[in-house]
Amino acid sequence: MSFTCVTAVASEYGFPIKNPFFATIATSPPEYRPKLLNDSEIQQKTVIVRGIRDNLPNNLWDVKDFTVPVAYQSEAAPLIFVIAGTGASYKSQKMQFLKKIFYQAGFHVALLSSPTNYDFIAAAAPQARPGLSKTDASDLYQVMQKTVAQLNVNHKIKITGNFLVGYSLGALQAAFVSYLDSTIKTFKFSKVVLINPPVDLYTSLQALDKLALAKAYNVNSAEGFFNLMFTKLAAFFASQGYIAIEQGLFFDIQGSGQALTREEMALLIAASFRFSVAEMSFVVDQINKLGVYIDPKAELNISASMTHFFKQALLCNFHCYLNKFVAPYVGMPLGEIIKKNSLKALKQYLSQSNNIYVITNKDDFILSNQDIQFLTKTFGERLTLYPYGGHCGNLNYQQNVDDLLQLLKYK
């Protein structure tokens, strides 16, 4: 039996960055991105989903309720839900970018913060222990149902169909949301697109842990690494004669004498992921009063310094989080948790669901060769595999956007 997928031939694919770490950090150069509307040109509403907790720690007062921003069309249109990646909120650059391209394509767009983001954990997750795909999907599903109910009743927005997109960890969660909907059938998604999903959580976590082990010259600690980053930025801005944080900043740095090495870029990606896990661990510990980092009796107000607690949480990677916060709660060994919460757990469903598509990159460092083979065999022609782009680095590249919108075409 042979399996085929839609593969962009390297010689025909114009994405300019061949280094997967550089692509992941910098994404597409500004001149290779599509033109986008300004926020002022987009009709937007905010759906407030009532939070599930009456009492939250004082420092989480601002996320008592869950916010779902919605960009809406004047006329009837299909609604597309977008699920953010690890630790990301609806405010993140990738989410705002996806909002604009989908809105410009004629969709209503509802943005969902990741179940691993503190706002979701506090306001929308009854167990407040993200990391279990079925549970995360169930929590997302309830938020989505409540969002649609409000759009129909309170905002009179006419919805003609439902679509679902997720990127990174949000793509894995989108697959489980789709699986849940195959039974409940509230949305009956016309199409579901998984962008750069992790296939096997163990493989992906190992890959991210390996990035943290990269040896950068003269860097022997986390403090040393961040000092190096600040030093390079300061030297770069000094050479420019001004400070400006702009879209092309990283490209300018890489073209200067302060360019990051491959090892430094790997460490930067690992650090970003570790910060997301640390924030998640901190909030899970505080809400559940587990006493891992914070005394359950401690009253932290909005002005309290979290630095001491956060430094402790930074020592815990995602493996550590699952072992410390999830495994004891579900009474299941780590290996079994990972197995049940990976894309492979849905293999039969995914192989038979012709409305589910995957877009990813051959050089995505969270995927192994076996993961690529799994995607090819499971999705066949529903898999689009680009040769370059790292992890979500080409999401905002013009050709990728064109291909994504063509795939989602509904008219």
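The values are calculated or read from the model by the stated rules, or taken from the named source; none is laboratory data. None of the values given here were measured: they were computed from a predicted structure. Cβ sites come from the backbone with ideal geometry, for glycine too, and all protein chains shown count toward neighbours.
Give me the residue from the range 87-102 that is among the basic types (Lys, Arg) and closer than 19 Å to residue 75 by Cα and, out of that set, surrounded by the fewest Cβ atoms within 10 Å (Cβ to Cβ). Quick ask: steps written out before the conclusion?
First, the residues of the range 87-102 that are among the basic types (Lys, Arg): 91, 94, 99-100.
Cutting the leftovers down to closer than 19 Å to residue 75 by Cα gives us 99-100.
Details: 99: 25, 100: 20.
Checking each candidate, the answer is 100.
The residues of the range 151-167 that are within 25 Å of the chain's Cα centre (by Cα) and either within 17 Å of residue 77 (Cα to Cα) or in a helix (DSSP H, G or I) (or both), listed by number, are 151, 161, 162, 163, 164, 165. In this entry, residue 56 is excluded by the filter for residues that are in a loop (DSSP other than H, G, I, E, B), surrounded by 14 or more Cβ atoms within 10 Å (Cβ to Cβ) and at pLDDT 95 or above.
Could you check how many residues of the range 103-132 are assigned to a helix (DSSP H, G or I), modelled with pLDDT of 95 or more and surrounded by fewer than 24 Cβ atoms within 10 Å (Cβ to Cβ)? Count: 2. The residue pairs whose first member lies in the range 387-411 and is on the phi > 0 side of the Ramachandran plot, whose second member is surrounded by fewer than 22 Cβ atoms within 10 Å (Cβ to Cβ) and in a loop (DSSP other than H, G, I, E, B), and whose beta carbons are closer than 8 Å, counting only pairs six or more residues apart or on different chains, are 389/363; 390/19; 390/363; 390/365. Residues of the range 320-347 that are without any contact (Cβ under 8 Å) to a residue 60 or more places away in the chain and in contact with a Ser or Thr (Cβ under 9 Å, 6 or more places away or on another chain): 320, 324, 347.
Within the option set 133, 182, 138, 178, being closer than 25 Å to residue 394 by Cβ and either hydroxyl-bearing (Ser, Thr, Tyr) or assigned by TED's automatic domain parsing to the domain that holds residue 87 (or both) holds for one residue only, 178. Within the range 352-397, take every residue that is farther than 23 Å from residue 14 by Cβ and among the small types (Gly, Ala, Ser) and give me the one that is surrounded by the most Cβ atoms within 10 Å (Cβ to Cβ). Out of the qualifying residues, it is 353.
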